[in-house]
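First up is the structure itself, then whatever we jot down about it.
The values are calculated or read from the model by the stated rules, or taken from the named source; none is laboratory data. If you're wondering where the values come from, they're calculated on a predicted model, not measured in any experiment. Cβ coordinates were reconstructed from backbone atoms using ideal geometry, including for glycine residues, and neighbour counts include every protein chain displayed. Areas reflect the complete protein model, heavy atoms only, side chains present, ligands, DNA and RNA absent. Shrake-Rupley method; radii C 1.70, N 1.55, O 1.52, S 1.80 Å.
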Amino acid sequence: MRAIQDSAPDGSRDKFIALKDVNRMAQALDRETIRLHPEDAISTKLWIDRFKADNVLVFHKSKLDHPPPGSRLDRDVFILCIQTKFQLDAFRRLGNAFIGIDATHNVTQYQDLLLFTIIARDCWGHGKDI
């Protein structure tokens, strides 16, 4: 920011730029590129369509969908699983004998939403995020 302020001509609005201005612009850009629609369900569906168009493996169960037979999932559970081609290839090449799962919660704006990370151990005994 200091570089922007110092290089701006006298009387320019850029002389008065503040970090909060930069953050506000970054949030606006994020809204345009990350949140594809103001309604979460529609935004999620748009992302799923994008993933599928890019041959990304996606499993999605909305709170309105019936759970898969035999899954023992509650009906009102939301699930979104994403695995890119790179992740699938890494899993197959680096070792597919062990998978570890870690869960954390309250990492988004949605209270009580769990975020799971899946880790596969490679052939050398080191974990790799997939």
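Tabulated values for the structure
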| read-out | value |
| --- | --- |
| Any hit, the stretch 73-95, residues being at positive phi, without any contact (Cβ under 8 Å) to a residue 24 or more places away in the chain, of a type in the set (Gly, Ala, Ser) and in a loop (DSSP other than H, G, I, E, B) | no |
| Where residue 23 falls short, out of the listed (1) within 17 Å of residue 109 (Cβ to Cβ); (2) in a loop (DSSP other than H, G, I, E, B) | (2) |
| Verdict on residue 34 being in contact (Cβ under 8 Å) with a residue 12 or more places away in the chain, open to solvent by 60 Å² or more (accessible area, probe 1.4 Å) and hydrophobic (A, V, I, L, M, F, W, C) | no |
| Per-region count, the stretch 48-80, residues open to solvent by less than 70 Å² (accessible area, probe 1.4 Å), out of contact with any strand residue (DSSP E or B) (no Cβ under 8 Å at 6 or more places or on another chain) and of a type in the set (A, V, I, L, M) | 0 |
| Subset of the stretch 109-130 [within 18 Å of the chain's Cα centre (by Cα) and at pLDDT below 70] | 128, 129, 130 |
| Single residue of the stretch 39-60 satisfying the filter (in contact with a Cys (Cβ under 9 Å, 6 or more places away or on another chain) and not aliphatic (A, V, I, L, M)) that is farthest from residue 113 (Cα to Cα) | 59 |
| Residue satisfying all of: in the stretch 65-102; of a type in the set (Gly, Ala, Ser) and more than 20 Å from residue 114 (Cα to Cα); modelled with the highest pLDDT among these | 70 |
